[in-house]
1. For Glu91, are the conditions met, namely being modelled with pLDDT of 80 or more and among the charged types (D, E, K, R)?
2. Does Gln71 qualify as being under 23 Å from Ile170 (Cα atoms), of a type in the set (S, T, N, Q) and modelled with pLDDT of 85 or more?
3. So if I check each of Glu13, Glu49, which one is among the acidic types (Asp, Glu) and modelled with pLDDT of 80 or more?
4. Among the residues of segment 122-147, which ones are part of a helix (DSSP H, G or I), farther than 17 Å from Phe55 by Cα and not aromatic (Phe, Trp, Tyr)?
5. Where in segment 173-232 are there helices (runs of 4 or more DSSP H), lying fully within it, with 1 or more residues that are among the polar types (S, T, N, Q), buried (at least 23 other Cβ atoms within 10 Å of the Cβ) and at pLDDT below 90?
6. Identify, please: which residue in segment 210-253 is over 19 Å from the mean Cα position of the chain (by Cα) and among the charged types (D, E, K, R) and is, among those, farthest from His135 (Cα to Cα)?
7. Which one of Ala5, Ala76, Ala15 is part of a helix (DSSP H, G or I) and surrounded by fewer than 14 Cβ atoms within 10 Å (Cβ to Cβ)?
8. Using beta carbons and a limit of 9 Å, which pairs, at least six apart or on different chains, have the first residue in segment 47-61 and in contact (Cβ under 8 Å) with a residue 40 or more places away in the chain and part of a strand (DSSP E or B) and the second one surrounded by 14 or more Cβ atoms within 10 Å (Cβ to Cβ) and among the hydroxyl-bearing types (Ser, Thr, Tyr)?
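The values are calculated or read from the model by the stated rules, or taken from the named source; none is laboratory data. Everything quoted here is computed from the prediction, not taken from an experiment. Reconstructed Cβ throughout: ideal geometry from the backbone, glycine too, with neighbour counts over all protein chains shown.
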Amino acid sequence: MNLHAIRAIYLFEMARAWRTLFQTIVSPVLTTTLYFVVFGAAIGSRMTEIDGVAFGAFIIPGLIMLSILTQSVSNASFGIYFPKFTGTIYEILSAPISAVEIVISYVGAAATKSVILGLIILVTARVFVPYEIAHPAAMLAFLVLTAVSFSLFGFIIGIWADNFEKLQFIPMLVITPLTFLGGSFYSIDMLPEFWRTVSLFNPVVYLISGFRWSFFGSGDVSIGISLAMTLGFLALCLIVIWRIFETGYRLKA
């Protein structure tokens, strides 16, 4: 394992995050803060509890997941796409570093940024809404697992994309709508039976439900199913990335 190469790429990606601090950290935190102000403090005080949890606290896991999913995909996809765009990807591929080490470097940096962002949002939420975390260790584990899984997904998108429009297509037009429709602001048990069944085909439902379970000890689906779906998505992404490096898909001209 070439730890020196992993460290070099990882630190380079983290340094880019600090150079664009407003875009990678400040902007998502401000956007989520507005959600807390509008939905948590203003509207939440006028809404009834959901499963015995105040509405303002109920939406915290969903809002964190919204930021984690979009930022993980965006950070990882841009991280690998930019070397392709500038042509430096060939220097990386010809260097004495394996595909595993490349993935660990880029995905590790993207996941680290997302976890930091999630923790900042978690602390910020305390300013607006009181809440308790029933299972702190499970919450942190689920946060890291989700960040890594969607950073891998973003890595795949970054390799697949051949222009900046495609780079933004999946996060903006797929991930964000699925997150909003995945129970970020409501429990799917509140939906009519038909739409509740349809919602179960949305993979983000299982992520939000599992993360919400770590906060309140309950979710729309069991924690076992949520964990299995997340691990399954992680495994699928690893298989796709393995095939990409094996075939050289959009890496070798």
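1. So Glu91 passes the test.
2. In short, yes.
3. Every option except Glu13 fails the conditions.
4. Hits for segment 122-147 are Val123, Pro136, Ala137, Ala138, Met139, Leu140, Ala141, Leu143, Val144, Leu145, Thr146, Ala147.
5. 176-180
6. Once the filter is applied, the top-ranked residue is Lys252.
7. One residue alone meets the criteria, Ala15.
8. Ile50/Tyr186; Ile50/Ser187; Val53/Tyr131; Val53/Ser218
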